[in-house]
Amino acid sequence: MFSRLAQRYDMVNDVMSFGMHRKWKREAVRLALNGRSRAALVLDLCCGTGDMSFLAETMGASGVIGADFTLPMLAVARSRGRKERSRASFAAADALRLPFRDGVFDAVTVGYGLRNIADPQQALSEIRRVLAPAGRVVVLDFGKPENPLARSLYFAYLKTMMPAVGWIFHGDPETYLYIPASLERYPAQRGVEHMMREAGFVNARYENRLLGTMGLNIGEAPGEPPPSPRAKRGISSESEKIPRPSASE
């Protein structure tokens, strides 16, 4: 499904969020890099077309790897990278079995991706594995407002807006109905905070945006940061291979 959405993915995101997704992504990357050294290596998991990968690079990360299991999304990201002369690299990867060594990354970002992974708890455990001591993960995704009225209006908006957007951009009103359907199953802010603790993160917390319709979940790997930047990071050569996709579409 995500393969056929790739070419219009960014445009549709602008329409559905009235451009606000760009602000939320910028805030997510800022939270991930806050307090990190300028030598920070960032993994942008479920990177899609690369928005947050490029933001991490412009906001001071020394290295960025964008990972996704959808090859057409990665093709768009790589094309954008060439046009923007970005140094970010992109790799096909399975979020449930990341092809990176333990403790490699100083920060991990996940933008609108955890909700679509078949086993988000396992994905968080993998993120925890590849984070360096004191590394930080920030997950940006649709949320569930605590206020009953706001929640009802929000879900009504999604169930009305998604068919319209699908019909306008793809001639199929069911194209984006996976969003409200996946959100019904998704544990959202409070559930993801609990899952982060279960995966071994410390200082797990969340921040709401737009009355809780969007959530930013933050967690940190226990331990002290390395005393000096690592000159050479242990990125497995397997990152160039195409792992078996395992996130639900």
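The values are calculated or read from the model by the stated rules, or taken from the named source; none is laboratory data. Just so it is clear, the structure is predicted and the values come from calculations on it, not from any experiment. Ideal geometry is used to build each Cβ from the backbone, glycine not excepted, and the neighbour counts take in all protein chains shown.
A few points about this structure:
- Subset tally (residues that are crowded, with 17+ Cβ neighbours inside 10 Å and either over 8 Å from Q189 (Cβ atoms) or within 15 Å of the chain's Cα centre (by Cα) (or both)) for region 210-222: 9
- Enumeration of residues in region 120-163 that are in contact with a helix residue (DSSP H, G or I) (Cβ under 7 Å, 6 or more places away or on another chain), closer than 18 Å to N203 by Cα and surrounded by fewer than 21 Cβ atoms within 10 Å (Cβ to Cβ): Q121
- Checked across region 142-154, the condition of being assigned to a loop (DSSP other than H, G, I, E, B), in contact (Cβ under 8 Å) with a residue 24 or more places away in the chain and among the basic types (K, R) holds for at least one residue.
- Hits in region 4-44 - residues which are at pLDDT 85 or above, charged (D, E, K, R), surrounded by 15 or more Cβ atoms within 10 Å (Cβ to Cβ) and part of a helix (DSSP H, G or I): K25, R26, E27
- Residue in region 228-236 that is in contact with a helix residue (DSSP H, G or I) (Cβ under 9 Å, 6 or more places away or on another chain), surrounded by 13 or more Cβ atoms within 10 Å (Cβ to Cβ), part of a loop (DSSP other than H, G, I, E, B) and at pLDDT below 95 present: no
- Residue list for region 78-99, filter: assigned to a helix (DSSP H, G or I) and either buried (at least 24 other Cβ atoms within 10 Å of the Cβ) or among the acidic types (D, E) (or both): E84
- All positions within region 103-128 that are in contact with a Lys or Arg (Cβ under 9 Å, 6 or more places away or on another chain) and among the basic types (K, R): R115
- Here V108 fulfils each of the conditions (1) under 11 Å from the mean Cα position of the chain (by Cα); (2) in a loop (DSSP other than H, G, I, E, B); (3) hydrophobic (A, V, I, L, M, F, W, C) apart from (2).
- Candidate set from region 45-77 (those that are in contact with a strand residue (DSSP E or B) (Cβ under 8 Å, 6 or more places away or on another chain) and of a type in the set (S, T, Y)); member that is surrounded by the most Cβ atoms within 10 Å (Cβ to Cβ): S53
- Scanning region 122-141 for residues that are out of contact with any strand residue (DSSP E or B) (no Cβ under 7 Å at 6 or more places or on another chain) and in a strand (DSSP E or B) gives a single hit, P133.
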